[in-house]
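*Asks:* To start, I am sharing the structure in question, which I have written as structure tokens.
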Amino acid sequence: MEFELSKDHLNWIDEVRSFLKDNFGAQAQAQALEAGREWNDKPAVREFRSALARKGWLGLTLPRAYGGMERSTFDQFLLMDEFAYWGAPSIDLSSSAVAPTILRHGNPEQHKKWLPPIIEGKVEFAIGYSEPDAGTDLASLRTRAERRGKQWVINGEKIWNTGAEYCTHEWLACRTDLQAPKHRGISVFIVALNEPGISIEPLWTWGGLRTNKVRFQDVCIGEENLVGEVNEGWRYVSTALDFERVTVGLTGAVRRLKDELVAYINSEKGAHTVQERPELRHTIGQLVVDTEVARLLNYRAAWMVDAGTVPYAEASMTKVYTTELNARAADIAMQVLGPLGRMDPTDPGVPLSGFAQSLYRAAPYLRFGGGNNEIQRDIIAQRGFALPR
Ligand SMILES: Cc1cc2nc3c(=O)[nH]c(=O)nc-3n(C[C@H](O)[C@H](O)[C@H](O)COP(=O)(O)OP(=O)(O)OC[C@H]3O[C@@H](n4cnc5c(N)ncnc54)[C@H](O)[C@@H]3O)c2cc1C
């Protein structure tokens, strides 16, 4: 079996690196680190997103008919992983999860209306699934959408809606049938975030990332904003989450931390750590092994999408393995660095380019994104190996 990347893949990685060199300079890197590395609205980071749109990379896997590039999911994975390695903000879920779901489940008018502006970077989605009493058990969501004539009227509250403060639209899951079994009475709507009746309140995470509580009070939208069919939303949410999970288990940050750690230990500054604590050699050796395993798990999930299979269990495997590896790697960095590991990522002279503390603080919430890891383990057991529910 050939595990090496092809020449085309290596050329693609070179192209991505050269884009980063030109568009992700010192100022953008500092702002990205300061803002918690992802989904942030700092000016230099927003400019980086515009550069991505100009390059056409917000439509990497989407059809040419709408302005996309029709490249493979594997190429998208390689790009995102490289971005993560350099601490650049990822291609957001508008392109990687919402757009392919609209393509699969939306009607032709919705394809024409939403795909071009997503690819041009003019429309950006916050994801409105979770509620204060509906997280893991998402099908219990209560935000209500009621049909009144040719409109839908929305009332309710969402939580953890990351990016809502700067996104243009919300990809919103609502209850549209109170009598139906809970998975069957859900619909998905596209709602402009500047509609009257929407209020957004910040929630700050320990990792420095801002997320939000979003309230909807008698928000009126047209019937064309209903995605696909009424009461079919659970399928659409599941599709979007499947697309999201393939992108959650990136190994870039952990590969970078591993490379930074090895370079630090081999430097004059860090040489004493292994002399004083030789067992660290084993720890780093194991980290190298684990990082390689994570990379291969990721490759497999992305390759399966391109081969036309839905990687239910495989995407969950990479998500569990890589997100937990992030936490282990950050922990190892703290052991190696001692008090230096606690330096703020933006402090001058911070070791490991600031990756130790930022990953240490981000790792806990990576376990939640796209569904928490306990549920991913259920998915692996049930969907992958037919274990009873
Ligand atoms: C930083 C951050 C950003 C987020 N961004 C978004 C976003 O943009 N849009 C959005 O809609 N949501 C977002 N989320 C929400 C995320 O998807 C939820 O946090 C997640 O689904 C878990 O839901 P919960 O927080 O309500 O926890 P709960 O469901 O209350 O779970 C709490 C704990 O119980 C455990 N647990 C629950 N049920 C089970 C079970 N059946 N078996 C075993 N263990 C279980 C969980 O593992 C967890 O540790 C974000 C969350 C965070 C932290």
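*Asks:* Could you tell me the relative contact order of segment 216-316? Use alpha-carbon pairs under 8 Å, at least six residues apart, and round to a whole percent.
*Replies:* That works out to 32 percent.
*Asks:* If you average the sequence gap of Cα pairs under 8 Å that are 6 or more apart and divide by the length of segment 73-153, what percent do you get for the contact order?
*Replies:* 16 percent
*Asks:* Now for a different question. Over the chain, what is the mean sequence separation of C-alpha contacts under 8 Å (at least six apart), divided by residue count, expressed as relative contact order in percent?
*Replies:* 15 percent
*Asks:* Output the Cα-based Rg and Dmax of the chain in Å, rounding Rg to one decimal and Dmax to a whole number.
*Replies:* Looking at the chain, its Cα Rg and Dmax stand at 21.3, 75 Å.
*Asks:* Could you line up Thr143, Thr239 from fewest to most neighbouring Cβ atoms inside 10 Å?
*Replies:* Listing Thr143, Thr239 from fewest to most nearby Cβ atoms yields Thr239, Thr143.
*Asks:* Positive end of the dipole of segment 249-385, charges at C-beta (+1 Lys, Arg; -1 Asp, Glu), about the Cα centre: which of Pro278, Pro311, Ser353 has its Cα farthest in that direction?
*Replies:* Pro311
*Asks:* Please work out how much length the chain gains when fully extended from Leu387 to Asn194, using 0.36 nm per residue of separation minus the C-alpha to C-alpha distance, in nm with one decimal.
*Replies:* Contour length minus Cα-Cα distance gives 64.9 nm.
*Asks:* Moving on to the next point. Using DSSP to call loops (not H, G, I, E or B), can you name the GluC sites (Glu not before Pro) in segment 5-109 whose Cβ has at most 13 other Cβ atoms within 10 angstrom?
*Replies:* The qualifying sites are Glu70.
*Asks:* Quick one: of Lys122/Lys158; Lys7/Lys122; Lys42/Lys213; Lys258/Lys319; Lys122/Lys213, which pairs are farther than 27 Å apart, Cα to Cα?
*Replies:* Table pairs above 27 Å Cα-Cα are Lys7/Lys122.
*Asks:* What order do you get for Ile332, Ile127 when you list them from fewest to most C-beta neighbours inside 10 Å?
*Replies:* If I rank by nearby Cβ atoms, fewest first, I get Ile332, Ile127.
*Asks:* Within 10 Å, at most 11 other Cβ atoms, and a DSSP state outside H, G, I, E, B define an exposed site. Report the longest part of the chain free of exposed chymotrypsin sites (Phe, Trp or Tyr not before Pro).
*Replies:* Within the chain, the longest run free of exposed chymotrypsin sites (Phe, Trp or Tyr not before Pro) spans 4-205.
Rule-based calculations on the coordinates, nothing more; no lab input. Not measured: the values here are computed from a predicted model. Every residue, glycine among them, receives a Cβ derived from its backbone with ideal geometry; neighbour counts consider all protein chains shown.
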